[in-house]
1. Could you pull out the GluC sites (Glu not before Pro) across segment 65-115 that fall in loop regions by DSSP (anything but H, G, I, E, B) with no more than 12 other Cβ atoms inside 10 Å?
2. Using a basic spin-label model with each label point 7 Å from the Cα along Cα→Cβ, how many nm lie between Ala10 and Asn92?
3. For Ser24, what accessible area in Å² do you get when you roll a 1.4 Å probe over the heavy atoms of the protein chains, rounding to the nearest 10?
Amino acid sequence: MALNFITPIANLAGTFLKNRAEKSAAKHKLELNVLENKARLALAEHEANSDWEMAQLQDKDKVLRWFSYTMFTAPIVITVISPEWGRRIFENLEYAPSWVVEVWIAMNGAVWGLSSLKNVVPSVVGSIRKK
């Protein structure tokens with residue numbers, strides 16, 4: 001009787017562990033490919049796109065984007081969980097000078113927009129130089 005309950009749970013746990021191992025192996029393979037590509041591009045001096053290619057592959061700005069996204073969504077989540085606290089948060093934002101809010105919005109725009117552009121611009125410049 002107990003075996004009927006244990007078998008599906010064991011199968012589910014086995015599937016979970018297998019998927020986790022596959023994900024870990026795929027991440028390791030990606031890191032190895034990035035290192036091999038860096039070595040290949042370092043040896044091939046005529047290719048001028050190594051920096052932006054590596055940045056695209058590694059996604060270095062992920063933590064910064066996650067943090068800025070959390071800063072925007074936290075007041076909304078708090079408002080859903082506790083409307084009183086949420087109301088206080090948004091009321092207190094009215095006391096912040098408008099220039100502070102505008103600079104904060106511009107900084108977050110830079111995190112999301114310019115961080116992506118810094119990886120694209122070198123490829124555009126490189127293709128223009130080749131012409």
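The values are calculated or read from the model by the stated rules, or taken from the named source; none is laboratory data. These numbers were taken from a predicted model, which means no experiment stands behind them. Glycine also receives a Cβ, built like all others from the backbone with ideal geometry; neighbour counts cover every protein chain displayed. Ligands, DNA and RNA are stripped out before the accessible areas are found, and what is left, the full protein with its side chains, is counted by its heavy atoms. Shrake-Rupley method; radii C 1.70, N 1.55, O 1.52, S 1.80 Å.
1. Details: sites: Glu84, Glu91, Glu94, Glu102; in loops: Glu94.
Answer by residue number: Glu94.
2. It is 5.3 nm.
3. Using a 1.4 Å probe on the heavy atoms, I get roughly 70 Å².
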